[in-house]
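Q: Pasting a structure here, questions to come.
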Amino acid sequence: MDIPSKYNPAQTEDKWYQFWMENELFKSQPDEREAYSIVIPPPNVTGVLHMGHMLNNTIQDVLVRRARMQGKNALWLPGTDHASIATEAKVVAKLKEEGIKKSEITRDEFLKHAWDWKEKHGGIILEQLKKLGASCDWERTRFTMDEALYESVIDVFIDLYNKGLIYRGVRMVNWDPKALTALSDEEVIHKEIQSKLYYLRYKVDGAANEWVTIATTRPETILGDTAVCINPNDERFHHLRGKKVYVPLVNRLVPIIEDEYVDMEFGTGCLKITPAHDINDYEIGIRHKLDTIDIFNDNGTLSKEAQLYIGDDRFEVRKKILADLEKAGNLVKIEDYVNKVGFSERTDEVIEPKLSLQWFLKMEEMAKPALEAVMNDTVKFHPSKFKNTYRHWMENVRDWCISRQLWWGQRIPAYYLPNKEILVAKSKEEAFAIAKEKYKLPGLKIEDIYQDEDVLDTWFSSWLWPISVFDGIRNPDNEDIKYYYPTNDLITAPEILFFWVARMIMAGLEYRNEIPFKNVYLTGIVRDKLGRKMSKSLGNSPDPIELIERYGADGVRVGMLLTSPAGNDLPFDEVLCEQGRNFSNKIWNALRLVKGWEVDKSLETCEACKVSVRWFEAKLNEAIKTIDDQYSKYRISEALMAVYKLIWDDFCSWYLEMVKPAYQQPIDRITYQKTISFFEDLMKIAHPFIPFITEDIWHHLHEREENESIMVSPIPTGKKYDKKLLKTFVTEEEVIIAIRKLRAEKNLPQKEAIELYIKKNNEQEADHTFDSIISKLCNISEIKYTDGKVEGASSFIVKSTEFFVPISSNIDKEAELAKLSEELKYTQGFLASVAKKLGNERFVNNAPKQVVEKEKQKQADAENRIKVIKEQMAALR
């Protein structure tokens, strides 16, 4: 094959992705091999690719590609989530543009529009993932509203209802006035905002001029007040016991009650009680049997029960009521105040606590085994610090509000009879049959039965995802669920740890009696250079597809992973993608170099090449061991860095220079074959991270069969290696760098051969292993070992060994002394720091033995080096 002078990511990526698809290399079916499975966290069907998706899916692809190369039957199952609130909002907006109101069409008509919208826009994000190189089995793509998944959700609702775990009741819920639906606690984002604290006074009944002052951030809610509360321990208000006050403007007479919930230090110590619009007030209202007045309509406007400002928006009313309270003499003062306000995660609307008739799932009993599974590491969190967050949530779990006042989603399978009874069944026909058998209702017709209007929370389908994608609810013994479940790894974000991860564990234990995944890798948040979370509203989030077009998918994958340790935020900078692209270019140039060499089959292998091959073989196996260890600890970023250094530093910067033939000279066959073999192994190790360029180079290195792919070739495994050889080379590396530095300082061109004299000290034995390498890389005409100083030579020291390079011109003694003086100062400082560490008993007693030994070796080397430097300085004076 001709190798182009420049690597072209766009052409390469399209070519190889099509090749993988045509050869069905992502496809998986159960067989006799060990299974490895990941289910994608299903992105919203409304979504397009953002930086968080890029990070998450790159990590998934790295893990699944590596598993494939380990010989496992790897499946990465893709899909999307129907996203009730977000999708319905998009469809309503689209209809509005067409002059259609949701309220003017039937449910079936609306759902037809929703399905049309899904078909048109729903596949965008999955197509974008292909550009990233995602190796999903696309034939298995699932959608949470697919018939099988829909039916699974309905079956689970019926089962949990029959077990007494699902119930219907009036409770205080989080109401989204924009989406017009209830939300679970986890769908509410609490933001700290600059607010106001309004002090209002209520007239005490039966007293000529006595008032009670309360403090509130929501003056509009006084219209729903049904009591004022004091703490029974607060002596300031004992005289108010048993009295009543008038609610301002509406002049409603309400009791003064006592409850220890009241914080005596907050505000005035008196608390207005609005049971319909605050969760804590609601609970106080239950305890004291207070009336409940709901003053808000579903859309956040005031209802007729408010008596005033009927039909006005709640925030407009806040402005109006303050003017009226001031006019009436009830506004005492206003203070600046910082408080936390709940916002809808989906619509960013301020949440309204509201009493509502909803469906709930009891969580307490289901949470216990799911908590235990994580705390005993049956399910392992990476990093484990998130176990504490998980425990806090699970120990304080509340019943889950699972109903949503929407049309797009799985409709609640509850049916209402004329006698007010509720039946839960799979269909209206089934409910009718049960009703006829269970209740004596003469003349009951199927038309008399109507289904609940609400749909289930989107998370109520997502929590079944690892089971339902394999049809494990409807067909619990099918081949797929038995083979692929439990899945191996889940890659997700900490912010949905309870939303999704905890609930999947609960569902897995409930319906399979088995955890849904063995490991949970928690990514951090992608932030910009200023530390801000990337978001559309801030305009600080680059378009991932544009990044891919600019730097190539491999470049972006490397850029995303270079600084993204598990659980820690990723400080993203486009420069990282540039670094990723440069990495691809470096490898490409190495390929062009190696494939440009002429091979002479009759040529004997030189000593330098022999030792170079031995060294890189050891280096490669050492790196494989490190990389495998990083993978086992889910340190994906660190594994990439180890691969990056192995290729860029060890292979390109050292090994290729060590074996490269002289200009216009051939290379021997054995060294060339070993180099190609190393290159091939490196491409396999790097393939999970940079799949496109590694596939391309792998095909350039050897002739391949038509449908062969690096994707399914075995990834190299670590073998025993010569640790002593690697340790020796570390010293020789320093020698080579020092000679190159000396050449630069003395203006000695590389083409001019020089002699090198080596003086071993402290009775050290000479090691000739890398002499041939030093000679080749530094253009040394002769290496000689000496017992004494070499007159008229420049010198340097590595460890405690002295090196001399004779130079024809006179030595500048002052300059040499200055250089040695600097070296002495540095080495003495280094010795002091090592001595301090070894003088610390805690370190010596607690550190691993090998760590302490290493420090002692550093101390001995530094002492010997100081001795040699001082001797050299004395000789120059």
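The values are calculated or read from the model by the stated rules, or taken from the named source; none is laboratory data. Predicted, not measured: the structure shown is a model, and the values here were computed from it. Backbone-built Cβ (ideal geometry, glycine too); neighbour counts: all protein chains shown. Side chains are part of the model used for accessible areas, which takes the heavy atoms of the whole protein and leaves out ligands, DNA and RNA. Shrake-Rupley method; radii C 1.70, N 1.55, O 1.52, S 1.80 Å.
Q: Kindly indicate whether any position in segment 179-194 is open to solvent by less than 10 Å² (accessible area, probe 1.4 Å), closer than 30 Å to E88 by Cβ, part of a strand (DSSP E or B) and among the hydroxyl-bearing types (S, T, Y).
A: Within segment 179-194, one or more residues are open to solvent by less than 10 Å² (accessible area, probe 1.4 Å), closer than 30 Å to E88 by Cβ, part of a strand (DSSP E or B) and among the hydroxyl-bearing types (S, T, Y).
Q: Still on this structure: Looking only at segment 285-304, how many residues end up being more than 41 Å from the chain's Cα centre (by Cα), within 19 Å of V173 (Cα to Cα) and either part of a loop (DSSP other than H, G, I, E, B) or touching a residue at least 24 places away in the same chain (Cβ under 8 Å) (or both)?
A: So the count comes out to 10.
Q: Residue pairs, Cβ under 8 Å, 6 or more apart or interchain, first in segment 254-269 and closer than 17 Å to T216 by Cα, second assigned to a loop (DSSP other than H, G, I, E, B) and open to solvent by 80 Å² or more (accessible area, probe 1.4 Å). List them.
A: Listed by first residue and then by second, the contacts come to I256/R241; M264/N233; G269/D263.
Q: Among the residues of segment 1-18, which ones are closer than 27 Å to F143 by Cβ and surrounded by fewer than 20 Cβ atoms within 10 Å (Cβ to Cβ)?
A: Pass one, segment 1-18, residues closer than 27 Å to F143 by Cβ: 13-14, 17-18.
Listed by number, the residues that qualify are D14, Q18.
Q: With (1) surrounded by 14 or more Cβ atoms within 10 Å (Cβ to Cβ); (2) not in a loop (DSSP other than H, G, I, E, B) as the list, and E429 as the residue in question, which single condition is left unmet?
A: For E429, the failing item is (1).
Q: Given the condition in contact (Cβ under 8 Å) with a residue 24 or more places away in the chain, aromatic (F, W, Y) and farther than 21 Å from R411 by Cα, answer yes or no: does some residue in segment 99-110 qualify?
A: no
Residue-by-condition table, conditions (1) in a helix (DSSP H, G or I); (2) under 30 Å from R527 (Cβ atoms):
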| position | (1), (2) |
| --- | --- |
| L63 | yes, yes |
| G71 | no, no |
| W117 | yes, no |
| E139 | yes, no |
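Q: Could you list all residues from segment 477-495 that are out of contact with any Phe, Trp or Tyr (no Cβ under 8 Å at 6 or more places or on another chain) and under 21 Å from V62 (Cβ atoms)?
A: A493
Condition check ((1) outside any loop (DSSP other than H, G, I, E, B); (2) under 24 Å from N174 (Cα atoms); (3) modelled with pLDDT under 95) across all residues:
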position: L249; (1), (2), (3): no, no, no
position: E260; (1), (2), (3): no, no, yes
position: A276; (1), (2), (3): no, yes, yes
position: Y282; (1), (2), (3): yes, yes, yes
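Q: Right, here's the next one. Report the residue count in segment 555-614 for those that are under 30 Å from I496 (Cβ atoms), touching a residue at least 40 places away in the same chain (Cβ under 8 Å) and open to solvent by 30 Å² or more (accessible area, probe 1.4 Å).
A: Residues meeting the conditions: 6.
Q: Hey, another quick one. Could you run through segment 270-303 and say how many residues are open to solvent by 40 Å² or more (accessible area, probe 1.4 Å), β-branched (V, I, T), closer than 20 Å to D176 by Cβ and touching a Ser or Thr at 6+ places or on another chain (Cβ under 9 Å)?
A: Count: 0.
Q: Here's another thing I want to ask about it. Return the total of residues in segment 80-98 being outside any helix (DSSP H, G or I) and small (G, A, S).
A: Of the residues in that region, 1 qualify.
Q: So, in segment 491-522, how many residues would count as being part of a loop (DSSP other than H, G, I, E, B), open to solvent by 10 Å² or more (accessible area, probe 1.4 Å) and in contact with a helix residue (DSSP H, G or I) (Cβ under 8 Å, 6 or more places away or on another chain)? Walk me through it before giving the result.
A: Within segment 491-522, the subset part of a loop (DSSP other than H, G, I, E, B) is 493, 512-516.
Pick out the ones that are also open to solvent by 10 Å² or more (accessible area, probe 1.4 Å) and you get 493, 512-515.
Adding the requirement that they be in contact with a helix residue (DSSP H, G or I) (Cβ under 8 Å, 6 or more places away or on another chain) leaves 493, 512, 514-515.
Total satisfying the criteria: 4.
Q: A follow-up question, please. Among what's in segment 695-724 and is touching a residue at least 40 places away in the same chain (Cβ under 8 Å), open to solvent by 70 Å² or more (accessible area, probe 1.4 Å) and outside any loop (DSSP other than H, G, I, E, B), pick the residue that is farthest from W20 (Cα to Cα).
A: Residue satisfying both the conditions and the ranking: K723.
Q: Further question: How many residues does segment 198-247 contain that are of a type outside the set (A, V, I, L, M), in a loop (DSSP other than H, G, I, E, B) and over 18 Å from I279 (Cβ atoms)?
A: We begin by selecting, within segment 198-247, every residue of a type outside the set (A, V, I, L, M); these are 198-199, 201-203, 205-206, 209-211, 213, 216-221, 224-226, 229, 231-239, 241-244, 246.
Now restrict to residues that are in a loop (DSSP other than H, G, I, E, B): 205-206, 209-210, 217-218, 225-226, 231-234, 241-243.
Among the residues that remain, those that are also over 18 Å from I279 (Cβ atoms) are: 205-206, 209-210, 231-234, 241-243.
The qualifying residues number 11.
Q: Next question, about the same structure. Whether any residue in segment 762-783 is part of a strand (DSSP E or B), polar (S, T, N, Q) and touching an Asp or Glu at 6+ places or on another chain (Cβ under 7 Å) is what I want to check.
A: Yes.
Q: Among the candidates T106, T87, which residue alone is in contact with a Ser or Thr (Cβ under 6 Å, 6 or more places away or on another chain), modelled with pLDDT of 90 or more and either under 24 Å from L49 (Cα atoms) or surrounded by fewer than 18 Cβ atoms within 10 Å (Cβ to Cβ) (or both)?
A: T87
Q: Which one of the conditions (1) without any contact (Cβ under 8 Å) to a residue 24 or more places away in the chain; (2) open to solvent by 40 Å² or more (accessible area, probe 1.4 Å) does R865 fail to meet, given that it meets all the rest?
A: Among (1) without any contact (Cβ under 8 Å) to a residue 24 or more places away in the chain; (2) open to solvent by 40 Å² or more (accessible area, probe 1.4 Å), R865 violates only (1).
Q: Identify, by number, the condition in (1) aliphatic (A, V, I, L, M); (2) farther than 24 Å from R314 by Cβ; (3) open to solvent by less than 10 Å² (accessible area, probe 1.4 Å) that I256 doesn't meet.
A: It is condition (3) that I256 fails.
Q: Could you check segment 304-330 and list, in sequence order, the residues that are among the hydrophobic types (A, V, I, L, M, F, W, C), within 25 Å of T347 (Cβ to Cβ) and surrounded by fewer than 19 Cβ atoms within 10 Å (Cβ to Cβ)?
A: Within segment 304-330, I310, F315 qualify.
Q: What are the residues in segment 143-153 that are more than 14 Å from L361 (Cα to Cα) and either at pLDDT below 95 or of a type in the set (V, I, T) (or both), if any? Step through it out loud before you land on a result.
A: So the first thing to find is which residues in segment 143-153 are more than 14 Å from L361 (Cα to Cα), and the list is 143-152.
Of everything in segment 143-153, just one residue is more than 14 Å from L361 (Cα to Cα) and either at pLDDT below 95 or of a type in the set (V, I, T) (or both), namely T144.
Q: Looking at this structure, is S794 hydroxyl-bearing (S, T, Y) and either in contact with a Gly (Cβ under 8 Å, 6 or more places away or on another chain) or at pLDDT below 90 (or both)?
A: Here the answer is yes, as S794 does meet what is asked.
Q: Of all residues in segment 198-239, which are surrounded by 23 or more Cβ atoms within 10 Å (Cβ to Cβ) and acidic (D, E)?
A: Listed by number, the residues that qualify are E220, D225.
Q: Suppose we keep only residues that are in contact (Cβ under 8 Å) with a residue 40 or more places away in the chain and of a type in the set (S, T, N, Q) within segment 381-408. Which one would you say is nearest to M504 (Cα to Cα)?
A: T389
Q: A further question follows. Before we move on, is L831 touching an Asp or Glu at 6+ places or on another chain (Cβ under 8 Å) and in a helix (DSSP H, G or I)?
A: Yes: the conditions hold for L831.
Q: Also: In segment 240-253, which residues are open to solvent by 40 Å² or more (accessible area, probe 1.4 Å) and under 21 Å from L331 (Cβ atoms)?
A: Y246, L249, N251, R252, L253
Q: Considering only segment 432-452, how many residues are surrounded by 14 or more Cβ atoms within 10 Å (Cβ to Cβ) and part of a loop (DSSP other than H, G, I, E, B)?
A: The qualifying residues number 4.
Q: Being among the small types (G, A, S) and assigned to a loop (DSSP other than H, G, I, E, B): is that true of G52 here?
A: On the way: among the small types (G, A, S): yes; assigned to a loop (DSSP other than H, G, I, E, B): no.
No; evaluated as a whole, the condition is false for this residue.
Q: Here's something else I'd like to know. Can you pull out every residue in segment 15-31 that is on the phi < 0 side of the Ramachandran plot and either under 28 Å from the mean Cα position of the chain (by Cα) or assigned to a loop (DSSP other than H, G, I, E, B) (or both)?
A: Correct list: W16, Y17, W20, M21, N23, L25, F26, K27, S28, Q29, P30, D31.
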